[in-house]
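Note sheet for the following structure.
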Amino acid sequence: MPTVGFFTSPACRKHDMGNEHPECPERLDAIQDQLLSSGMEFVLRFFDAPQATRAQLERVHTREYIDSIYSRAPSEGIEVLDEDTRMCPDTLAAALHAAGAAVDAVDKVIAGEVNSAFCSVRPPGHHAERDKAMGFCLFNNIAIAAAHAREQRGLARVAVLDFDVHHGNGTEDFVAGREGYLLCSSFQSPLYPFTGTEELPDNIVNTPLEAGAGGDALRSLVENEWLPALEKFQPQMLFISAGFDGHVEDHMAQLRFNEDDYRWVTEKLREFADAHCEGRIVSALEGGYALSALGRSVVAHLKGLIGN
Ligand SMILES: [Zn+2]
């Protein structure tokens, strides 16, 4: 049975954007609760994530942008970055640990300490562009991890798969036209951030879904568009932006996925990784705001990584 690493940090729970914000600390509690009740804690290896370094962040983000995040970090109260995205005094540390978890997961997977990894972290990352925070995201955790694998660990080709209900505009901003990277992304359209439908370089495979689409639509696009693109690109490692806000119980949007769909897509990606990438997968949490559905979906995703 493959060993799956579970990377998180207590710092990620302390990031708090204020009352009623859907991207709340309780999301990580909901995941932890389901791990306990499902018995998954006995089959995972747990890692306390370090902070990302400046050099690791700079592979994706501009120095000016990183400086601005450091300088705007408040010592008290709330700093508003955009209408959805705020910093409290603990946010910078949380964001550094979130990106650091993904980087550490890359190192441990490539070293063979674990076969694959899931990073249970917040803030999420896939909306963060090279020079812009938005949509609850500060640093693009999965892009930073993919860039670490390629630029630091010497992999020539890496692929990012994103099944969050929102388009990962930040990851696309980094990957589009960049040699050695592929991005396949499903998302509800039209929906925030209202991107992902323009003409793009062919290393971006955008597969939008209409409101109301269910798991059959997700499974079909994975089989007919993602897997053929992966076969053609022949990546050496897979990265997953694992957002669970397309769940039927999640009212952030109107897709109708359930946890069986998340397990199915994860199994398909693991089978591809086993055949072509020495099983190497690093996944990081993006969205997912219906707490019970989020916890169950993460467990289903982990079961997909582990396999039978
Ligand atoms: Zn989302």
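The values are calculated or read from the model by the stated rules, or taken from the named source; none is laboratory data. Values in this document were obtained by computation on a predicted structure and should not be read as measured data. Cβ: placed from backbone, ideal geometry, glycine included. Neighbour counts: every protein chain shown. Keep in mind that these areas ignore ligands, DNA and RNA; they rest on the heavy atoms of the full protein, side chains included. Shrake-Rupley method; radii C 1.70, N 1.55, O 1.52, S 1.80 Å.
Apart from one condition, PHE118 fits all of (1) over 12 Å from ILE240 (Cα atoms); (2) buried (at least 24 other Cβ atoms within 10 Å of the Cβ); the exception is (1). Within region 61-74, if we keep just the residues that are touching a residue at least 60 places away in the same chain (Cβ under 8 Å) and open to solvent by 10 Å² or more (accessible area, probe 1.4 Å), the residue that is farthest from VAL282 (Cα to Cα) turns out to be GLU64. GLY77 satisfies every condition listed in (1) surrounded by fewer than 14 Cβ atoms within 10 Å (Cβ to Cβ); (2) on the phi < 0 side of the Ramachandran plot except (2). Would you mind finding the one in VAL160, VAL165 that is open to solvent by less than 10 Å² (accessible area, probe 1.4 Å), within 12 Å of the ligand (Cβ to nearest atom), on the phi < 0 side of the Ramachandran plot and of a type in the set (A, V, I, L, M)? Step by step, each of VAL160, VAL165 is checked, and only VAL165 is open to solvent by less than 10 Å² (accessible area, probe 1.4 Å), within 12 Å of the ligand (Cβ to nearest atom), on the phi < 0 side of the Ramachandran plot and of a type in the set (A, V, I, L, M). In a residue-by-residue description of region 5-21, the property of being closer than 16 Å to PRO123 by Cα, within 18 Å of the chain's Cα centre (by Cα) and part of a loop (DSSP other than H, G, I, E, B) applies to at least one position.
Please enumerate the residues belonging to region 26-49 that are without any contact (Cβ under 8 Å) to a residue 60 or more places away in the chain, of a type in the set (D, E, K, R) and open to solvent by 80 Å² or more (accessible area, probe 1.4 Å). Passing the criteria: only ASP48. Counting only helices (runs of 4 or more DSSP H) wholly contained in region 209-308, the ones carrying 1 or more residues that are of a type in the set (Asp, Glu), more than 19 Å from PRO124 (Cβ to Cβ) and open to solvent by 50 Å² or more (accessible area, probe 1.4 Å) occupy 215-221, 227-233, 259-276. In the set ALA52, ALA93, only one residue is of a type in the set (Gly, Ala, Ser) and either assigned to a strand (DSSP E or B) or crowded, with 21+ Cβ neighbours inside 10 Å (or both); that residue is ALA52. Given the condition part of a helix (DSSP H, G or I) and within 15 Å of the ligand (Cβ to nearest atom), answer yes or no: does some residue in region 174-189 qualify? Scanning region 174-189 turns up no residue that is part of a helix (DSSP H, G or I) and within 15 Å of the ligand (Cβ to nearest atom).
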